[in-house]
Amino acid sequence: MDKESRKIISGMRGIIPSLHTPFSKDNKIDILSLKKLIDHSIATGCSGMLVGAVAGENASLSLAEKQTIINVCVEHNDNRVPLIVSCSSNNQHDRMTLSKEAKVAGADWILCQTPNNLKGNELIRCFNEIAETGPSNLMIQDLSWTDNGMDDEDILLLFENIKKFKGLKIEVLNSGPKYSRILKATNHELHLSGGWAIMGMIEALNRGVHAFIPSTMEIIYNQIYNLFMEKKIIESRDLFSKILPILSFTHQHIDIAIQFSKMLRVKEGIFKTDLCRSPIAQFDFFQLEEVKNHIKKVINLQNNLSQN
């Protein structure tokens, strides 16, 4: 890997939130709230951001809406922090269209989820096409809710054959050992991040993972990360333990995490509505009671950290 690539990796350490897509009451993208979220992410010390991914309700967005998000986010971010654009889709045509759009807009990175049932040379062809149309940095999303995700052999095959493949976002069952295997196999030259597996953050830090991609609580996550980097491991663990009950609630299902996060954004004054698109269901009475307690805890904790 060249010196430029290593510089890019070293500059994307820490917290890189996956931004939610705010919707107005008429179910359109709320551009003003999206811009406020970008400003909030930068002001709280995040080292980058990801837009239009799973947390952004990617599956509910039309191609035109995804293109709008790309252009709004790249323009408003204005190169303040590295920006990763998701070009994940159910078909290759849309993936390539979004990849090209990201490049034209001036994005630093694209992220693409591995298409189902592709392996070996087919996987190389797929990602080569995406990489050729996009920016100079490709991050692949290794996502599985049910198993260990991509085979290590396929990851290494892509790493050896696609020059732009510089980042891997691992979100699979039992992510920890996979972090270590991939870091060792790529001589720590592949940027590694954890997303949905944020509940293993301290373990992942010990393993050498470069970045984490949660979707809210940036003030708290940045402090956990900074304390760890300052070798204040006990303090880092103690702070992380304070949000574990919240993560236990939100990590029951991705839809719960998205709905909770949007309600938190409203309380923070960033989003106007907590509207989610179908199939995300509204919380029932008992869930709402939990949400009220958890949001109060997050707000108090963030306020205390901001004052210190």
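A few notes on this one:
- Condition check for Leu98: more than 22 Å from Ser62 (Cα to Cα) and in contact with a Leu (Cβ under 8 Å, 6 or more places away or on another chain): no
- The requirement of being more than 23 Å from Asn174 (Cβ to Cβ), open to solvent by 40 Å² or more (accessible area, probe 1.4 Å) and among the acidic types (Asp, Glu) is fulfilled somewhere in the stretch 258-269, by at least one residue.
- Of the criteria (1) at pLDDT 95 or above; (2) open to solvent by 10 Å² or more (accessible area, probe 1.4 Å); (3) part of a helix (DSSP H, G or I); (4) closer than 26 Å to Leu183 by Cβ, which one Asp238 fails: (4)
- Subset of the stretch 218-274 [more than 23 Å from Ala55 (Cα to Cα) and aromatic (Phe, Trp, Tyr)]: Phe228
- Here the condition is being out of contact with any His (no Cβ under 9 Å at 6 or more places or on another chain), under 20 Å from Leu32 (Cα atoms) and either at pLDDT 95 or above or open to solvent by 40 Å² or more (accessible area, probe 1.4 Å) (or both); of Leu275, Leu301, it holds for Leu275 alone.
- Members of the stretch 198-226 that are β-branched (Val, Ile, Thr), touching a residue at least 24 places away in the same chain (Cβ under 8 Å) and part of a helix (DSSP H, G or I): Ile198, Ile202, Ile219, Ile220
- Residue list for the stretch 114-146, filter: open to solvent by 40 Å² or more (accessible area, probe 1.4 Å) and closer than 19 Å to Val81 by Cα: Ser136
Residues are listed down the side, and each one gets a yes or a no for (1) at pLDDT below 95; (2) within 11 Å of the chain's Cα centre (by Cα):
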{"position": "Lys166", "(1), (2)": "no, no"}
{"position": "Lys169", "(1), (2)": "no, yes"}
{"position": "Leu183", "(1), (2)": "no, no"}
{"position": "His188", "(1), (2)": "yes, no"}
{"position": "Trp196", "(1), (2)": "yes, yes"}
{"position": "Ala204", "(1), (2)": "no, no"}
{"position": "Ile213", "(1), (2)": "no, yes"}
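- Residues of the stretch 246-257 satisfying the condition of being in a helix (DSSP H, G or I) and either open to solvent by less than 20 Å² (accessible area, probe 1.4 Å) or under 29 Å from Asp39 (Cβ atoms) (or both): Ile246, Leu247, Phe249, Thr250, Ile254, Asp255, Ile256, Ala257
- Of all the listed residues (Lys184, Lys164, Lys169, Lys178), the sole one being under 25 Å from Gln223 (Cα atoms) and either open to solvent by 20 Å² or more (accessible area, probe 1.4 Å) or not hydroxyl-bearing (Ser, Thr, Tyr) (or both) is Lys169.
- The stretch 141-169 residues that are in contact (Cβ under 8 Å) with a residue 12 or more places away in the chain and aromatic (Phe, Trp, Tyr), paired with ones that are in a loop (DSSP other than H, G, I, E, B) and surrounded by fewer than 19 Cβ atoms within 10 Å (Cβ to Cβ) (beta carbon under 6 Å, 6 or more apart): Phe159/Thr186
- Residue in the stretch 93-118 that is nearest to Cys73 (Cα to Cα), counting only those that are over 18 Å from the mean Cα position of the chain (by Cα) and of a type in the set (A, V, I, L, M, F, W, C): Ala105
- Total residues in the stretch 114-135, condition assigned to a helix (DSSP H, G or I) and without any contact (Cβ under 8 Å) to a residue 12 or more places away in the chain: 4
- Considering only residues in the stretch 259-281 that are assigned to a loop (DSSP other than H, G, I, E, B) and β-branched (Val, Ile, Thr), the one that is farthest from the chain's Cα centre (by Cα) turns out to be Thr273.
The values are calculated or read from the model by the stated rules, or taken from the named source; none is laboratory data. Since we're looking at a predicted model, the values are computed, not measured. Counting neighbours? That spans all protein chains shown, and the Cβs are built from the backbone with ideal geometry, glycine included. Ligands, DNA and RNA are excluded from the accessible area calculation, which covers all protein heavy atoms including side chains. Shrake-Rupley method; radii C 1.70, N 1.55, O 1.52, S 1.80 Å.
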